[in-house]
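Peer 1: This is the structure I want to talk about, given as structure tokens.
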Amino acid sequence: MFDRTMSTLHPEHSIRASHGLLSASDLTVTLDGKTLLDIPSIRIDAGGPTIVMGPNGAGKSLLLRLLHGLVLPSRGSIFMQGDPLDAKRRRRQAMVFQSPVILRRSVRANVEFALAAHGVPRARRRSEAIRLLTVAGLQDKARQSAPSLSGGERQKLTVVRALATRPEVLFLDEPTSNLDPASVMAIENLIMNASAEGTKIVLVTHDIGQAGRLGEDVLFLHQGRITEQTPLQAFTVSPKSQEAAAYLSGELLI
Amino acid sequence: MNNFAESFSVSLRLVFLGDAELWAIVLLSLQVSLTAVILACLIGMPFGAMLAVTRFPGRRPLVVTVNALMGLPPVVVGLLVYLMLSNSGPLGVLQLLYTPSAMIIAQLILVAPIIAALTRQTVESLNEEYADQLRSLGVTHLRSVPTLLWDGRFSLATAVLAGFGRAIAEVGAVMIVGGNINHVTRVMTTTIALETSKGNLALALALGAILILIALAVNAAVTLLDAVSRQVSYV
């Protein structure tokens, strides 16, 4: 769905292979004495989409928010291409939340806002926003009030808005939960095209089918710990951990 | 009863035949209250928004104080402004007492906390929804303020109208600091009080009718804004 001009939007990816695109060590998040996340080390490499799976309350959303710098760890550090994740590097990431956050303005103004926040000159914002909305099939709704869009359209808009910032990493937290199949397919198309254009996708989902359609590798979380990080096919056919096997068979209790 | 009917008929004549004195009073009232509300917006909105998005020691007591100031008794405000502006007061040198400027200052003190408190409430609730998204887009706390004010514009317009309603209907403070001087500081509310005490019910009734019309117009505007905010097609 994304045309080839999208590739010109991407900054050069100079990944220092030895560090991975994203990495962290000794990562801990505690709240009121309770450990919510305890990850001795994690490394996410550039390439195909990484799927984050695990039962409810496993810490998937928290992990995404940590890696995106929205939450500070109680202990440990996060690195992007080997350098500490600071405000400058955070601007090379984007995130789509489970509940779409829509600014109370027009559809086009939502995209223009993201472009403005990333320093795109005013003269280019309108045409760029229309181009991105056209890619997502939302061009006819450009002047419509964004809060009046349907659930699927709202989530499509948040994906387009996130991609407007030309992220090197795009985190998506269950972006298609509660959407109809057509909306799911439209959003998956946007994600796959962004991935093909070089954006690293890190996606939280409970949908094994979606994981199979989009993912290259899986990171499985259980009770705040990563129990498995493995290629997708190996994960679905023969998961290494008992927790992952129980999750896939629908028997895992939190 | 006849007296009331006669006063009512004279008051209608005053309104519809465009009595110069009556409209001069209405115009001064609007001038004073609108100026006070505009100044209150310039101070109250950024202050309320900053209070909503920032966290610092003492913030909670400050929020409580601003909320409490919404209910300031107008006569007390009038008295304090009088003490400040009187010849022996710290601002006496400005010679503002018994001028429209003094009335604007008094109304500003009454309206600014209303605008600030309602802005804080609106922006804080919007910020709860927006905060992660704005941070994700790299927008800092400070830079998020204009965004939150703009996106909360319909709710904030209601706050402005509430402030205007308070200002235009206020009598105690402007009476004390304005002095109700004919053709200088006489506004609708002070004139109604004076003319009623003098038994000139016609002018008081005419001004009362206009004041009620203004109150109705403000309420209609609030309702209309609410409807517009739901249906508007944005640019």
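Peer 1: What does the convex hull of the Cα atoms come to per residue for the protein assembly as shown, in Å³?
Peer 2: Hull volume over Cα atoms, normalised by residue count, gives 211 Å³.
Peer 1: Kirkwood hydrodynamic radius for chain A: how many Å is it when counted over pairs of different Cα atoms?
Peer 2: The answer is 18.7 Å.
Peer 1: Dividing the alpha-carbon Rg of segment A:99-140 by 2.2 N^0.38 Å yields what?
Peer 2: So the Cα radius of gyration is 1.11 times the expected 2.2 N^0.38 Å.
Peer 1: State to the nearest 20 debye the size of the charge dipole of the protein assembly as shown about its Cα centre, where the only charges are +1 on K and R beta carbons and -1 on D and E beta carbons.
Peer 2: The calculated dipole for the protein assembly as shown is roughly 920 debye.
Peer 1: For a label point 7 angstrom out from the Cα of residue A:178 toward its Cβ, which stretches of segment A:141-155 have the backbone nitrogen within less than 12 Å?
Peer 2: A:151-152, A:155
Peer 1: Rg and Dmax of segment B:62-140 over Cα atoms: what are they, in angstrom?
Peer 2: Taking only Cα atoms of segment B:62-140, I get Rg and Dmax of 18.3, 56 Å.
Peer 1: Let me ask something else about it. Find the Rg to Rh ratio for segment B:140-195, where Rh is the Kirkwood radius over alpha-carbon pairs and Rg uses the same atoms.
Peer 2: 1.29
Peer 1: Of all DSSP beta bridges located in the protein assembly as shown, what percent are antiparallel, nearest 5?
Peer 2: The antiparallel fraction comes to roughly 60 percent.
Peer 1: How would segment B:176-235 be classified by its alpha-carbon gyration tensor: rounded, prolate or oblate, with rounded meaning a/c under 1.5 and the a/b versus b/c comparison settling the rest?
Peer 2: Cα axes put segment B:176-235 in the prolate bin.
Peer 1: Let me know the shape class of segment A:69-121, please: from the alpha-carbon gyration tensor, a ≥ b ≥ c as square roots of the eigenvalues, rounded when a/c is under 1.5, otherwise prolate if a/b is greater than b/c, or oblate.
Peer 2: oblate
Peer 1: Report Rg(Cα)/(2.2 N^0.38 Å) for segment A:42-89, keeping two decimals.
Peer 2: Here the answer is 1.22, to two decimals.
Peer 1: Then there is this: Any idea how far apart residue B:12 and residue A:123 come out in nm if each label point goes 7 Å out from Cα toward Cβ?
Peer 2: 6.4 nm
Peer 1: Output the Kirkwood hydrodynamic radius of segment B:134-235, Cα pairs only, in Å rounded to one decimal.
Peer 2: One over the average 1/r among Cα pairs gives 16.7 Å for segment B:134-235.
Peer 1: Let me know the whole percent of all Cα-Cα pairs from segment A:201-249 that are separated by more than 14 Å.
Peer 2: 44 percent
Peer 1: Next up: Across peptide A:104-111, what mean number of C-beta atoms from other chains lies inside 10 Å of a residue's C-beta?
Peer 2: 4
Peer 1: Could I ask something else about it? Using alpha carbons only, how many degrees (0 to 90, rounded to 10) separate the axis of helix A:181-196 from the longest principal axis of chain A?
Peer 2: 90 degrees
Peer 1: Next up: Hey, in the GNM for chain A with a 10 angstrom Cα cutoff, which one of A:98, A:229, A:242 fluctuates hardest?
Peer 2: Fluctuation is largest for A:242.
Peer 1: Let's see if you can work this out: charge +1 on each Lys and Arg Cβ, -1 on each Asp and Glu Cβ, no other charges. What is the dipole magnitude of segment B:2-229 about its Cα centre, in debye to the nearest 20?
Peer 2: That gives a dipole near 480 debye.
Peer 1: Just want to confirm a number: the relative contact order over chain A, from Cα pairs under 8 angstrom separated by 6+ residues, in percent.
Peer 2: Relative contact order for chain A comes out at 27 percent.
Peer 1: Given Cα pairs under 8 Å that are at least 6 residues apart, what percent is the relative contact order of chain B?
Peer 2: So the answer I get is 31 percent.
Peer 1: Between residue A:196 and residue B:197, how many nm apart are label points set 7 Å from Cα along the C-beta direction?
Peer 2: Label at residue A:196, label at residue B:197, 8.3 nm between them.
Peer 1: Report, in listed order, any pair from A:34/A:156; A:200/A:240; A:88/A:240; A:88/A:141; A:88/A:200 with a Cα-Cα distance greater than 28 Å.
Peer 2: A:34/A:156; A:88/A:240; A:88/A:141, as the Cα separations exceed 28 Å there.
Peer 1: Charges only on Cβ, +1 for Lys and Arg, -1 for Asp and Glu: so what's the dipole of chain A about the Cα centre, in debye to the nearest 20?
Peer 2: Dipole of chain A, to the nearest 20 debye: 1260 debye.
Peer 1: So what are the ³J(HN,Hα) numbers for segment B:5-21, from phi and the Karplus equation (6.51, -1.76, 1.60; θ = phi - 60°), rounded to whole Hz, Gly and Pro as x?
Peer 2: Using θ = phi - 60°, the values come out as 4, 5, 4, 5, 5, 5, 5, 5, 4, 4, 6, 7, 8, x, 4, 4, 5 Hz.
Peer 1: Against the 2.2 N^0.38 Å scaling, with N counting residues, where does segment A:166-243 land? I'd like the Cα-based Rg ratio to two decimal places.
Peer 2: For segment A:166-243, the normalised Cα radius of gyration comes out at 1.14.
Peer 1: What percentages make up the Cα-Cα pair-distance distribution of segment A:15-80 when the bins are 5 Å wide from 0?
Peer 2: In whole percents, the pair-distance histogram is 4, 16, 26, 27, 17, 7, 2, 1.
Peer 1: With all distinct Cα pairs included, what does the Kirkwood hydrodynamic radius of segment A:41-175 come out to in Å, to one decimal, could you say?
Peer 2: 16.1 Å
Peer 1: Something else now. May I have the pair-distance distribution P(r) for segment B:31-95, computed from all Cα-Cα distances with 5 Å bins from 0 and rounded to whole percent?
Peer 2: Using 5 Å bins, I get a P(r) of 4, 13, 14, 20, 20, 16, 10, 3, 0 for segment B:31-95.
Peer 1: How large is the Rg to Rh ratio of segment B:2-229 when both quantities use alpha carbon positions and Rh follows Kirkwood?
Peer 2: 1.06
Peer 1: For chain B, set up a GNM with springs between Cα atoms under 10 Å and report which of B:172, B:163, B:48 has the largest fluctuation.
Peer 2: Checking each option, the largest mean-square fluctuation is seen for B:172.
Peer 1: To continue, here is another question. Give me the net charge for the shell around residue A:90: Cβ to Cβ below 13 angstrom, other residues only, Lys and Arg +1, Asp and Glu -1.
Peer 2: Summing Lys/Arg as +1 and Asp/Glu as -1 gives +2.
Only the coordinates and a few stated rules stand behind these numbers; no lab work does. All values derive from a computational prediction rather than experimental measurement. In this analysis, Cβ positions are derived from the backbone assuming ideal geometry, glycine residues included, and neighbour counts consider all displayed protein chains.
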